[in-house]
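Student: First, the structure itself, so that you have it in front of you.
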Amino acid sequence: MKYNFLAFSVPFFVLLIYIEFVITKKKKLAGFELHTVIANLSVGILERLLDVYTGAVFYFIYDFLQKNYGLINIKPTPLVWLGLLICTDFVWYWYHRLAHEVNLLWAIHIVHHQSEDFNFTVSARITVLQAFLRGGFWCVLPLLGFPAQMIIVMLLIHGLYPFFTHTKLVGKLGILEYLFVTPSHHRVHHASNEQYLDKNYGDVLIIWDKLFGTYQSEEEETTIVYGLTKPLNTYDFLWQHFHYFIEIIVAVAKQNTIRGKIKAIFGKPETLDPMARIEAERIFNVKQNMDTIKKPLNTYVKWQIGILLVALFGFILLEKNFSPILSVLFIALTVLTLINCGAIMEHKRWVFNIEFVRAFLTVSSLVYFTGLNGLLVAIFLFATVLATSYKYLENRYLRLVYR
Ligand SMILES: [Zn+2]
Ligand SMILES: [Zn+2]
């Protein structure tokens, strides 16, 4: 059996989130709204899961680039490690700034900013697309000559740091505020207040913002409003990931000139046609059901996310031993469960379709992996249900979950 001990980051972060939750409640502070927390964790669960593969892909790319095109062959010494940290953080600053200033890149990064609450769970709002974009920017490091092993270790450390800056519980940190990105700085970055927009892009060091004119300190008299300037108002898992891409497509289609189309793709987000969101929501029939969901249903969603977190831990720990088909099945079931949770929080009727596909995948994979060789039987069974009692089951299910 081979183990991946990075899996222990899952219970470690869950424990820290729980501690932050307890302190928030003890101090009677606002925050930790259940559905926002679930939406945040949902994004993070998929990214952590797929990170097992993106990490391996980027290790291969960095190694190839350094060995074939590296400027110099850098050997690890303490000073070189410090140099790598500074270079990594500098590249991050520009990746992050461009992700806010170019529409196409904002379409990827926007997901990180959708939360209207601010706590450790917001740090989980990183999508797999963002992991790819960031990894692409970091290709500069092997080209400079840093070995792939060093870069991967540094990215782990660098990736750990921002978890701690996503909190309202920590005030200003005195002398540290001059050099490092602190929770106070990052609260400003997540604010949608006019004077705080497009500020504090740094990840570990705040010096880049001070150097390039994007620094803003947190003012005591300003109450921060977190999230997007135009809130998304939906927990739809897929819509959160892709809405801005669709808005860009809508905006591009409305432009008559090549120049206008290019501007819609590579221009600044604040110049994108404000009607694009409305049009995109109309095309995909996205509207939030504002009914409050009842306690048993909340419990159902909570259990699903809880089980997913345990399963994620198990999957990362043992991923080296899994066959490709088992990995694909696990990812498919995870995605379906995340879509399911988002849909249930909005009382969507189509949630039954997701349940149906999920049940089919579970049963057929159980049949397959227990070696019963009855995959065809499972398909036949589900096809029969689909043809004869689908409507009946759907009605029963919807009545059961939504009363
Ligand atoms: Zn950002
Ligand atoms: Zn953040």
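Student: In the set Thr88, Thr77, which member is away from ligand 1 (no atom under 16 Å from the Cβ) and closer than 19 Å to Leu211 by Cα? Give the derivation first.
Tutor: Details: Thr77 fails: closer than 19 Å to Leu211 by Cα.
None of the other options fit; the residue is Thr88.
Student: Looking only at region 122-163, count how many residues are in a helix (DSSP H, G or I), of a type outside the set (A, V, I, L, M, F, W, C) and either away from ligand 1 (no atom under 16 Å from the Cβ) or under 24 Å from Phe237 (Cβ atoms) (or both). Give the steps one after another, and end with the answer.
Tutor: Kept after step one, since they are in a helix (DSSP H, G or I), are these residues of region 122-163: 122-124, 128-137, 140-144, 148-163.
Filter once more, so that each one left must be of a type outside the set (A, V, I, L, M, F, W, C): 123, 130, 134-136, 142, 149, 158-159, 161-162.
Narrowing the set further to residues that are either away from ligand 1 (no atom under 16 Å from the Cβ) or under 24 Å from Phe237 (Cβ atoms) (or both) leaves 123, 130, 134-136, 142, 149, 159, 162.
Selection size over region 122-163: 9.
Student: Here's another thing I want to ask about it. Among what's in region 249-301 and is at pLDDT below 90 and of a type in the set (D, E, K, R), pick the residue that is nearest to His347 (Cα to Cα).
Tutor: Taking the candidates together, the pick is Asp291.
Student: Restricting region 119-143 to residues that are in contact with a Gly (Cβ under 7 Å, 6 or more places away or on another chain) and among the hydrophobic types (A, V, I, L, M, F, W, C), which is surrounded by the fewest Cβ atoms within 10 Å (Cβ to Cβ)? Talk me through it step by step, then tell me what you get.
Tutor: Within region 119-143, the subset in contact with a Gly (Cβ under 7 Å, 6 or more places away or on another chain) is 119, 124-126, 142-143.
If we keep only those that are among the hydrophobic types (A, V, I, L, M, F, W, C) too, we end up with 124, 126, 143.
Numbers: Ala124: 23, Ile126: 22, Leu143: 15.
Once the filter is applied, the top-ranked residue is Leu143.
Student: Further question on the same structure: Please determine, by comparing only the residues of region 204-224 that are among the aliphatic types (A, V, I, L, M) and outside any loop (DSSP other than H, G, I, E, B), which one is surrounded by the fewest Cβ atoms within 10 Å (Cβ to Cβ).
Tutor: Let us first name the residues in region 204-224 that are among the aliphatic types (A, V, I, L, M), namely 204-207, 211, 224.
Applying the additional criterion that residues be outside any loop (DSSP other than H, G, I, E, B) yields 205, 207, 211.
On the way: Leu205: 18, Ile207: 18, Leu211: 13.
Checking each candidate, the answer is Leu211.
Student: Go through region 148-166 and report how many residues are more than 18 Å from Ile86 (Cβ to Cβ) and more than 14 Å from ligand 2 (Cβ to nearest atom).
Tutor: 2
Student: Still on this structure: Give region 164-175 a look and list any residue that's at pLDDT 95 or above, of a type outside the set (Val, Ile, Thr) and in a helix (DSSP H, G or I), or say none.
Tutor: The one that is at pLDDT 95 or above, of a type outside the set (Val, Ile, Thr) and in a helix (DSSP H, G or I): Phe164.
Student: Mind telling me which of the residues Phe90, Phe64 ends up being closer than 23 Å to Leu129 by Cα, more than 20 Å from the chain's Cα centre (by Cα), surrounded by fewer than 16 Cβ atoms within 10 Å (Cβ to Cβ) and in the same structural domain as Ser123 (by TED's automatic domain parsing)?
Tutor: Working: Phe90 fails: surrounded by fewer than 16 Cβ atoms within 10 Å (Cβ to Cβ).
Of the residues listed, the single one that is closer than 23 Å to Leu129 by Cα, more than 20 Å from the chain's Cα centre (by Cα), surrounded by fewer than 16 Cβ atoms within 10 Å (Cβ to Cβ) and in the same structural domain as Ser123 (by TED's automatic domain parsing) is Phe64.
Student: Now for a different question. Filter region 274-326 down to residues that are free of Cβ contacts under 8 Å to residues at least 12 places away in the same chain, among the polar types (S, T, N, Q) and more than 26 Å from Ala107 (Cα to Cα), then give me how many there are.
Tutor: 3
Student: Please count how many residues of region 99-109 are over 10 Å from the mean Cα position of the chain (by Cα), over 14 Å from Thr271 (Cβ atoms) and within 12 Å of ligand 2 (Cβ to nearest atom).
Tutor: 1
Conditions (1) of a type in the set (A, V, I, L, M); (2) closer than 29 Å to Gln304 by Cβ, marked per residue:
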| position | (1), (2) |
| --- | --- |
| Leu16 | yes, yes |
| Glu20 | no, yes |
| Lys25 | no, yes |
| Tyr53 | no, yes |
| Phe58 | no, no |
| Asp63 | no, no |
| Asn68 | no, no |
| Arg97 | no, no |
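Student: A further question on this structure: Is there any pair linking a residue in region 232-247 that is among the aliphatic types (A, V, I, L, M) to one that is assigned to a loop (DSSP other than H, G, I, E, B), with Cβ under 8 Å and at least six apart or on different chains, and which?
Tutor: Between residues of region 232-247 that are among the aliphatic types (A, V, I, L, M) and residues that are assigned to a loop (DSSP other than H, G, I, E, B), the close pairs are Leu232/Gln114; Ile246/Phe284.
Student: Further, regarding this structure: Picking from Leu179, Leu173, which residue would you name as being surrounded by fewer than 16 Cβ atoms within 10 Å (Cβ to Cβ), away from ligand 1 (no atom under 15 Å from the Cβ), without any contact (Cβ under 8 Å) to a residue 24 or more places away in the chain and in the same structural domain as Ala56 (by TED's automatic domain parsing)?
Tutor: Working: Leu179 fails: without any contact (Cβ under 8 Å) to a residue 24 or more places away in the chain.
Among Leu179, Leu173, only Leu173 is surrounded by fewer than 16 Cβ atoms within 10 Å (Cβ to Cβ), away from ligand 1 (no atom under 15 Å from the Cβ), without any contact (Cβ under 8 Å) to a residue 24 or more places away in the chain and in the same structural domain as Ala56 (by TED's automatic domain parsing).
Student: Report yes if Phe313 is in contact with a Pro (Cβ under 8 Å, 6 or more places away or on another chain) and closer than 27 Å to Phe12 by Cα, otherwise no. Outline the logic, then answer.
Tutor: Numbers: in contact with a Pro (Cβ under 8 Å, 6 or more places away or on another chain): yes; closer than 27 Å to Phe12 by Cα: yes.
So Phe313 passes the test.
Student: Tyr196 is checked against (1) modelled with pLDDT of 95 or more; (2) within 24 Å of the chain's Cα centre (by Cα); (3) surrounded by fewer than 16 Cβ atoms within 10 Å (Cβ to Cβ); (4) of a type outside the set (A, V, I, L, M) and fails just one. What number does that condition carry?
Tutor: Tyr196 satisfies all of (1) modelled with pLDDT of 95 or more; (2) within 24 Å of the chain's Cα centre (by Cα); (3) surrounded by fewer than 16 Cβ atoms within 10 Å (Cβ to Cβ); (4) of a type outside the set (A, V, I, L, M) except (3).
Student: So, in region 185-195, exactly how many residues are assigned to a helix (DSSP H, G or I) and within 13 Å of ligand 2 (Cβ to nearest atom)? Before the answer, list the steps.
Tutor: Initially, region 185-195 is screened for residues assigned to a helix (DSSP H, G or I), giving 185-189, 194-195.
Going one step further and asking which of them are within 13 Å of ligand 2 (Cβ to nearest atom), we end up with 185-189.
Qualifying residue count, region 185-195: 5.
The values are calculated or read from the model by the stated rules, or taken from the named source; none is laboratory data. Since this is a predicted model, take the numbers as computed values, not measurements. Don't worry about glycine lacking a Cβ; one is built from the backbone with ideal geometry, like all the others, and counts go over all protein chains shown.
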